[in-house]
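Since every read-out is calculated from the coordinates, none of them should be taken as a lab result. Note that the structure is predicted; figures quoted are calculated from it, not measured. Positions of Cβ are generated from backbone atoms using ideal geometry, with glycine treated the same way; all protein chains shown enter the neighbour counts.
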Amino acid sequence: MTTTAIENPLHGLTPEQIDAIGRELDALHDEVKAELGERDARYIRGIIDLHRRLALIGRVLLIGSRFRPLWLAGTATLSMAKILENMEIGHNVMHGQWDWMNDPVINSSAWDWDSASTPEAWKHSHNYVHHTYTNIRGKDKDLGYEIMRIDPQQSWHPAYLAQPLYNLLLMAFFEWGVAFHDLDFDALRSGEKTKSQLRRELKGMAGKAQRQIVKDYVAWPALSGLLMTAIDFAVASRDLDLGSLRPATKPKTKARKTFESARSKVKRRRRKSAAGVVRELVERKAFRAPFRSTVTADFTANIVRNVWAYAIIFCGHFPDQTYTFSQKETDDETRGGRYVRQLIGAANIEGGPLFHVISGNLGYQVEHHLFPDMPSTRYGEIAPQVRAICERYGLPYNTGPFFKQLGMVQRTIARLAFPGGEPRPKPGPYRSRNGGAPKDRGVDEIAESMAS
Amino acid sequence: MPERGARPNVPTLQRRVLRAVGAFTSPLLPDDYLELINPLWSTRELRGEIESIDSETPDAATVVIRPGYEWMGHEPGQYLRIGIDIDGRRHWRAYSLTSDPDRPDGRISITIKNVDEGVVSPHLVRRRRPGSLVALGGVEGTFLLPDPLPEKLLFVSAGSGITPIMSMLRSLAHDDSLDDAVLLHSARAAEEVIFGRRLRALSERHPGFRLHEQLTAEMGRMAPSDLDELCPDWREREVFLSGPAGLLDAMTEHFEREGRTEHLRMERFQPVIGGDVEEGEGGVIRFRASDSEAESDGSIPILVAGENAGVVLPYGCREGICHTCVGKLCSGRVRDLRTGDVYGQDGEMIRTCVSAPEGPVEVEL
């Protein structure tokens, strides 16, 4: 395997410096912990409230989804609701970020989300395995999710040739990918997990799948179908009855004439047979059309949510700036060492307040990985202090605009489908091997060096 | 899961409808949406709305609560666990129910003495306003009137120890059975007698009920030996005792000497918290689900102590970040080994991998 070793900034630090970083970050953590209170509680309750309102509005709009504008508005609203529910609420609540509230519902041990993963399986694979062994090759199973080669130091296999394809599939069906990933077939092979345990987990997942399918593809579409049929039926029968109630003396306008001719058509049809109205409803696809349009809307909302979650999460650890670690490098890791690994193994995404809310504040992936159970709203507040610590110790603070980060990830996935590949150049600052001063290399400079 | 309110008495039909509607809301419950309209409609936990907060004395108040669903009922003398959100955190406390269980308007009341350095009582007594919500937990307690009712009763109380007795007296008066009862109640001064006005009115209306107020500022404390003078026939009576630990201990001793222990019932309404354990000395951990015990010297986290004793416990990162190992604290307090903070109240979820016992603790694991 060819590896041009890029020096890991971890090794540029003395043990004393690593300890000092640990102390500074611990202090930051304790400071925030002591401050938590009403303001934070109001925030998460407000977001949960917002999600429920959006979900309700989206669902109601989709009852009329056979009409294009309602389909669009409903799908957009429902997608947004699902995104909030997964990212800012589900992911963060299940991390235990709000456990300090001692609320019986907004709690990591009580929460369930609108996703294919059961909370138990996900909390194990994500909170425990991924957040404990972050970016340690061979231990962090989220590095490429066991199906992709995302780091040149993973050895190549012909199966990876197809990875651009299943990258796309994973993007669209991310929640299912994650759910299967949580099952951790690897642990079954290695004997860490028993077959009966796997059976139990599969059953749990099947239950989750069933409830999601019933909700999105049966219950709501059927409700749309029934309500729209009822409306169509009411309209059809009202038109039939109106004529006899109208005073005949009323002067006939042009509109009125059109109305009457339309009505007489309906009347004629009714006179044809007793099942006229029913036939009309069938012709109009009174049930089928809204059922089908609601199914497509719900399906689209799920895909939108999946693609968004995929994009945010893949930008967390796979952009060029992040570092991975060998298991040997993390033997006897100290508390400070763990912080450094989390710090340089993750990458932020730059964005405005709305972006951060709908990405579950995972645009602050660095802060999230330092303190996974700190309420997400606090990440943005501590970001300047984290960045200052990085600057003081010559550590990179990985960040970049959304599309740039995502672009780097996609480039890596495409490149590493083929054998070889080298670690991408990292932007500074980092200490050189001989312990010199931190050197700041701008992105442009790297681009130049790549071009030459 | 953290402690939550009791399951409300939801009519069967409503429960069935809600379950069916659950197909539309999964994994949320219809409740989650209904709560947007009215939080009292939660069928997940019983909640109540504070209807009024009435001062009893300068530092005690009766809180009247309207439960969201039909009140599940209680026996006079029992207490209610009540959950209240203060500064973003939910706190649970137990307070004696002071209302007559058969109140026609379905309301319940608790009476609370303010403890200035406390967290919850100042909120309920001074800061909360009518209209705010509380979670109503289980009704508990074995300090009850016996059935059948004894002919002669003696109640002895001090301070806020009157609260469970008030519920008993109200219920007795309601059933017209206040025929031969004596209440010896201690308070510092007349205006500090919780329910003073009501008690005096009760004794006027019911000739069979005699009230003695021991006002300690002028009359000194009541000693067990005073019983002969204050209630000469106390040896013929079933005795109900409620008050601070000092009074309870002195009375228990006295009743033992007189061989009347089986006629004494009491309510220790101030729980023993922590005891005299020195800081960071650890303690015995009781695991409820696995019915086993372990010990920690204060430096070993609960998780490790349990594992060393052969208890199978959930674990994850072992550094306090992943929340896999959480368990519900049933009693006692714990120390966060990372920060040294001592915390924990009944029903709180604790991370066993970074918490050591601070005195005896019990965990639902």
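Fewest to most neighbouring Cβ within 10 Å: what's the order for A:133, A:323? Write out the running numbers ahead of the final one.
On the way: A:133 20, A:323 24.
Lowest to highest Cβ neighbour count: A:133, A:323.
Pop a pseudo-label 7 angstrom from the Cα along the beta-carbon direction at both residue B:105 and residue A:146 and give the gap in nm to one decimal.
6.2
Residue B:179: net charge of surrounding residues, Cβ under 10 Å, Lys/Arg +1, Asp/Glu -1, itself excluded?
Details: positive: B:152; negative: B:151, B:176, B:180.
Neighbourhood net charge equals -2.
Determine, for B:152, A:328, the number of other Cβ atoms within 10 Å of each Cβ, and report the residues in order from fewest to most.
On the way: B:152 16, A:328 7.
Ascending Cβ contact count within 10 Å gives the list A:328, B:152.
With labels modelled as points extended 7 Å from the Cα through the Cβ direction, what inter-label distance (nm, one decimal) is found for residue B:152 paired with residue B:19?
Between residue B:152 and residue B:19, the label points sit 5.5 nm apart.
Simple spin-label model, 7 Å along Cα-to-Cβ: residue A:415 to residue B:115 in nm?
6.4
State which entries of A:82/A:215; A:139/B:328; A:141/A:215; A:141/A:208; A:82/A:203 exceed 21 angstrom in Cα-Cα distance in the structure shown.
Check vs 21 Å cut-off fails for A:139/B:328; A:141/A:215; A:141/A:208; A:82/A:203.
Quick one: dipole size for the stretch A:328-374, taken about the Cα centre, charges +1 on Lys/Arg Cβ and -1 on Asp/Glu Cβ, in debye to the nearest 20.
Numbers: 4 positive and 7 negative charges, 7 e Å.
Once rounded to the nearest 20, the dipole reads 40 debye.
Tell me, rounded to the nearest percent, the portion of alpha carbon pairs in the protein assembly as shown spaced more than 50 Å apart.
Working: 116335 of 333336 pairs.
Above the 50 Å cut-off, the protein assembly as shown has 35 percent of its Cα pairs.
Hey, got the average number of other protein chain Cβ atoms within 10 angstrom for residues in B:19-30? Working shown, then result.
Details: counts 0, 1, 1, 3, 7, 9, 8, 11, 13, 10, 1, 0.
Mean shielding count: 5.
Give the residue from B:68, B:29, B:6 lying farthest towards the positive end of the charge dipole for the stretch B:1-81; charges sit on Cβ (+1 for Lys and Arg, -1 for Asp and Glu) and the dipole is referred to the Cα centre.
Projecting each Cα onto the dipole axis, the largest value belongs to B:29.
Peptides A:176-187, B:98-109: what's the order by average Cβ count within 10 Å, highest mean first? If you can, show how the numbers build up before the last one.
Details: A:176-187: 19.1, B:98-109: 17.3.
My ranking of the peptides, most packed first, is A:176-187, B:98-109.
Between B:122, B:11, B:244, find the one with the highest GNM mean-square fluctuation for chain B; connect C-alpha pairs within less than 10 Å.
Judging by the Gaussian network model, the answer is B:11.
Can you tally the net charge around residue B:106? Count Lys and Arg as +1, Asp and Glu as -1, for every other residue whose Cβ sits under 9 Å from the Cβ of residue B:106.
Working: positive: B:66, B:103, B:107; negative: B:70, B:105.
Spelling it out: positives minus negatives among the neighbours equals +1.
Relative contact order of the stretch B:73-125, please, whole-number percent, based on alpha carbon pairs below 8 angstrom and at least 6 residues apart.
Working: 71 pairs, mean separation 14.9, N = 53.
Reported relative contact order: 28 percent.
What is the packing order of peptides A:145-158, A:65-78, taking the mean over residues of other C-beta atoms within 10 Å and listing the highest first? Working shown, then result.
Details: A:145-158: 16.5, A:65-78: 19.5.
Result, highest mean first: A:65-78, A:145-158.
In sequence order, what are the phi-derived ³J(HN,Hα) couplings for the stretch A:56-72 according to the Karplus relation 6.51 cos²θ - 1.76 cosθ + 1.60 with θ = phi - 60°, rounded to whole Hz, with x for glycine and proline?
Running phi through 6.51 cos²θ - 1.76 cosθ + 1.60 with θ = phi - 60° gives 5, 4, x, 5, 5, 4, 6, 4, x, 5, 6, 9, 3, x, 5, 4, 5 Hz.
Using a 7 Å offset from Cα along Cα-Cβ at residue B:174, what residues in the stretch B:118-145 end up with backbone N under 14 Å from the label point?
Of the residues in the stretch B:118-145, B:145 have backbone N under 14 Å from the label point off residue B:174.
With charges only on Cβ, +1 for K and R and -1 for D and E, what is the dipole size of the protein assembly as shown about its Cα centre, in debye, rounded to 20?
7380
Give the order of B:147, A:298 when sorted by the count of other beta carbons within 10 angstrom, beginning with the fewest.
Numbers: B:147 7, A:298 27.
The order, fewest Cβ neighbours first, is B:147, A:298.
Compute the signed sum of charges (Lys and Arg +1, Asp and Glu -1) over the other residues within less than 12 Å, Cβ to Cβ, of residue B:119. It would help to have the intermediate numbers written out before the result.
Values: positive: B:89, B:90, B:93, B:127; negative: B:85, B:87, B:116, B:117.
Neighbourhood net charge equals 0.
At a threshold of 8 angstrom on Cα-Cα distance, excluding pairs fewer than six apart, so keeping six or more, what relative contact order does the stretch B:214-365 reach in percent?
Values: 276 pairs, mean separation 32.1, N = 152.
Over the stretch B:214-365, the number comes to 21 percent.
Take every DSSP beta bridge whose two residues both sit in chain B, then give the antiparallel share in percent to the nearest 5.
Working: 47 of 72 bridges.
So the antiparallel bridges amount to about 65 percent of the total.
Residue by residue through B:314-327, how many Cβ atoms from other chains fall within 10 Å of the Cβ on average? Walk me through the intermediate numbers first.
Values: counts 2, 1, 7, 8, 2, 4, 2, 14, 14, 13, 9, 1, 5, 1.
So the per-residue partner count for this stretch is 6.
Answer with one residue from B:360, B:104, B:174: the one whose Cα lies farthest towards the positive end of the charge dipole of chain B, charges on Cβ with Lys, Arg +1 and Asp, Glu -1.
Positive-most Cα among the choices belongs to B:104.
Using +1 at the Cβ of each Lys and Arg and -1 at the Cβ of each Asp and Glu in the stretch A:1-95, identify which of A:77, A:36, A:91 lies farthest towards the dipole's positive end.
Among A:77, A:36, A:91, the one farthest towards the positive end of the dipole of the stretch A:1-95 is A:77.
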